[in-house]
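Have a look at the structure below before the remarks.
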Amino acid sequence: MELSLGLLGFLIVFPLVVAAILLVVRHESPRRVIVCAAGIVIGVASVALVVMNLGATCTLFEFQSEALDFVCTGISVAIAAVIIGFAVRYRNPWAAVLAVVQIAGTLVLEFAFAHDIEVTYGLYFDSLSLLMTFIIGVVGSGICIYAVGYMEDFQAHEPAGAPDRRPLFFALMFIFLSAMFVIVFANNMEWMFTGWEVTTLCSFLLIGYTRTEEAIRNAFRQIIMNLAGGLGFLVALYSCALTVGTFSFYEFLAIGMSNPVLTTLAVTALAFAGITKAAQMPFQTWLLGAMVAPTPTSALLHSSTMVKAGCFLLVKLAPVLHVTPAAAIMVMLVGGITFVLCSFMAISQSNAKRVLAYSTIANLGLITACAGVGTPEAVWAACFLVLFHAIAKSLLFLCVGTAEHHIGSRDIEDMDLLFDRMPRLARFMMLGIMCMFIAPFGMLMAKWATLVSFVDTHQVALILILAFGSAATFMFWAKWLGKLAGIAGAPENVETTVKPTEWASLLLMAVLLVLSCVFLPFISVFTVEPYLLSVYGTFGQDISTDNLWLASICTIIVVVVLFAGVGRNQKSRKVSVYLAGVSRDDDARAFQNALSGTAVAQARNWYMTDVFGEKRIAPVGVVFNSLIMVVAFVVAFVVTPMFIF
């Protein structure tokens, strides 16, 4: 156990040390070595912790420090002070007001309420924490390594004389990893809150990295929405201090399951914090705005870290939500409405990063809805949705970033010859897309489990939402997949200049994705099921193991077919593209049409913006979800008794 505790501390502290070093390193070669070495070390340490504790139930570590409590309070106040400084500089009153409220709330909490509350067991892990450790440590580190080559190209495209802010960029990336480890390992909810706010500030700085007017505007949108979620977290801490008298997350969950009335307000406020961090409607615009940031930021924020912090909190709350109707209904409806509406809006997008953004928000909505249902079966599905979404979306974001640098566009319509121009990259991209929506890959297996859990609990509305949302999902992913594979040609291969660190990270994500799909039954037995057994006293897998293994075998076959022949010298005879019998210009894909005129063979997708456009659909979700949350908070305030302690 001492070794496990040492690894916990290492994973929290080591990224901070790396961040401090990277902040002062200004040359490319040493930066590359430090980032790659640190990423490998963090990944290996994460895997070691997971392997050493496979099947672990909740393991608490006796670790408390009054000095550390004050340090966390100081960090929270410092974060708010930094936000106030930026708000004054850029004249954003809303950010300043929310930051002032956070400072006041944090100080009052610490010195008026929290000083008598002791959390003996400050750190913990369980199988869900270990699943998140793998995502943060391996996927997150892989994204950091990818960023080395990507940011070199990014800086080369900056205007002459532009300052090189990459030291700050990489420092923030590793601080992000440390903060995420704090969130998943902290049993002391005050420490968890500090990690929560660190991710908010890092996200703000990364989104505004380019310092353009658009980047600054979107960074402030993110900070305002997530500060609101942070205040929700503070409300939960106040409620815990007044009603249950503890900041131990483990004890809080136990009390909530046995006496949900006491924790209704705290659970509702924590769920609200998770909803904002997971960018659920009406807070989806902060994640969409974050697309202006460099691609590694998008991958890190939207796959393995920031939004997954919201999902992690909601899934941890699922057993309490199951017995807390007001909060559960809020979480289910907000997640379900977000899933279906954002899936619809993704259809209208041709910008690849916005497709990924809307798809991300939609899938987070499905995870949120599963957490709201709160049954073992729904949580089993949520865990695998988290895992496969993290890896597949990381792969897709990195593929889009590399493609953009080499074909000069992130528009899906410009990717029709990518299979020839960047054959390996196109296959990686196709693998990520297939994993998101078709059998036999893991994401569809998780959706199958989600459907079964909804049916078992008679959630008719959620069943309909899942059906329509999945139909929309099929449409926008199939369009993109067809664009990659549907047009023939013989253009110049431009992927020979992709950086080795980019290839290494892309290969890592692809391998992780395939292995996760192939060994899904093992992951269920040794990670997800032990967590469910420790929390619910029962298992949650509602798909037979035989079916899971059958899907694993099919996955291997599909992957072998997809990557067969990659890297080989093709000596087969090449012939001209067949163009309806009478060709005018093979290179231009022009042929003679029925009226003896010239037509060009091309495929252009149908985006139906009049039906699925953002302006038409987004206001519906914003209004409905806002009303749902207001009603939930009113009920929670009425139900929860105050001043018990």
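Size check on region 325-407: the Cα extents along the three principal axes, sorted descending, read 51, 24, 14 Å.
Per DSSP helix of 4 or more residues, -39500 (n - 2.57); summed, then divided by the residues of the chain. What does that give at 222 nm, rounded to the nearest 500? List each step's numbers first, then the result.
Numbers: 27 runs with 452 residues, N = 645.
Helix contribution divided over all residues of the chain: -23500 deg cm²/dmol.
Scanning residues 5 or more positions from residue 63 or on other chains, those with amide H under 5 Å from its amide H are 121, 122, 123, with H placed 1.01 Å from N in the peptide plane.
A simple rule links phi to the HN-Hα coupling: the Karplus curve 6.51 cos²θ - 1.76 cosθ + 1.60 with θ = phi - 60°, which for region 315-322 gives 5, 4, 7, 3, x, 6, 4, 4 Hz, with x for Gly and Pro.
Surface composition of region 497-551: carbon and sulfur atoms hold 74% of the protein heavy-atom accessible area at a 1.4 Å probe.
Put a dot 7 Å past the Cα of residue 507, heading toward its Cβ, do the same for residue 561, and the two dots end up 2.6 nm apart. When region 350-487 is described by a simple charge dipole with +1 on each Lys and Arg Cβ and -1 on each Asp and Glu Cβ, the residue from 363, 382, 482 located farthest towards its positive end is 482.
Out of the total accessible area of region 301-378 (probe 1.4 Å, heavy atoms of protein only), what percent is carbon and sulfur? Don't jump to the answer; show the numbers that get you there.
Numbers: 650 of 950 Å².
Looking at region 301-378 in its full context, I get 68 percent from C and S.
Remark: region 269-277, residue by residue, has Karplus-estimated 3J(HN,Hα) of 5, 5, 5, 4, 4, x, 5, 5, 5 Hz, where x stands for each Gly or Pro and the curve is 6.51 cos²θ - 1.76 cosθ + 1.60 at θ = phi - 60°. Only the Cβ atoms of Lys and Arg (+1) and of Asp and Glu (-1) were treated as charged; on that basis the dipole of the chain about its Cα centre amounts to roughly 1600 debye.
Number of Lys-Lys pairs in the chain with C-alpha atoms under 13 Å apart and a separation of 8 or more places or on different chains: 4. Extension gain, residue 550-residue 515: 0.36 nm per intervening residue step, less the Cα-Cα distance, totals 11.2 nm. Seen from all directions on average, region 271-324 presents a Cα convex hull projection of 3.7 nm².
For residue 258 and residue 51, FRET efficiency with R0 = 35 Å and r from the beta-carbon atoms, rounded to 0.05? Walk me through the intermediate numbers first.
Details: r = 34 Å, r/R0 = 0.96.
Calculated value: 0.55.
Over the chain, accessible surface divided per residue gives 37 Å², non-protein components excluded, 1.4 Å probe.
Work out the charge dipole of the chain with +1 on the Cβ of Lys and Arg and -1 on the Cβ of Asp and Glu about the Cα centre, then indicate which of 180, 249, 583 is farthest towards its positive end. Projecting each Cα onto the dipole axis, the largest value belongs to 583.
Spin-label model, residue 29 to residue 522: label points 7 Å out along the Cα-to-beta-carbon direction sit 4.0 nm apart. Modelled label positions at residue 351 and residue 624, each set 7 Å beyond Cα in the direction of Cβ, lie 2.5 nm from each other. Evaluating 6.51 cos²θ - 1.76 cosθ + 1.60 at θ = phi - 60° for every residue in region 53-69, the Karplus couplings come out as 10, 4, x, 5, 8, 5, 10, 9, 10, 6, 7, 9, 7, 5, 4, 5, 4 Hz, glycine and proline recorded as x.
Looking at [x] 41, 27, 24; [y] 48, 37, 20; [z] 90, 24, 24, which value of semi-axes √(5λ) of the Cα gyration tensor in Å comes from a calculation on the structure shown? Structure-derived value, by its label: [x].
The values are calculated or read from the model by the stated rules, or taken from the named source; none is laboratory data. Source: prediction; values computed, not measured. Note: ideal-geometry Cβ built from the backbone for every residue, glycine included; neighbour counts use all protein chains shown. Please note that ligands, DNA and RNA were not included when accessible areas were found on the heavy atoms of the full protein model with its side chains. Shrake-Rupley method; radii C 1.70, N 1.55, O 1.52, S 1.80 Å.
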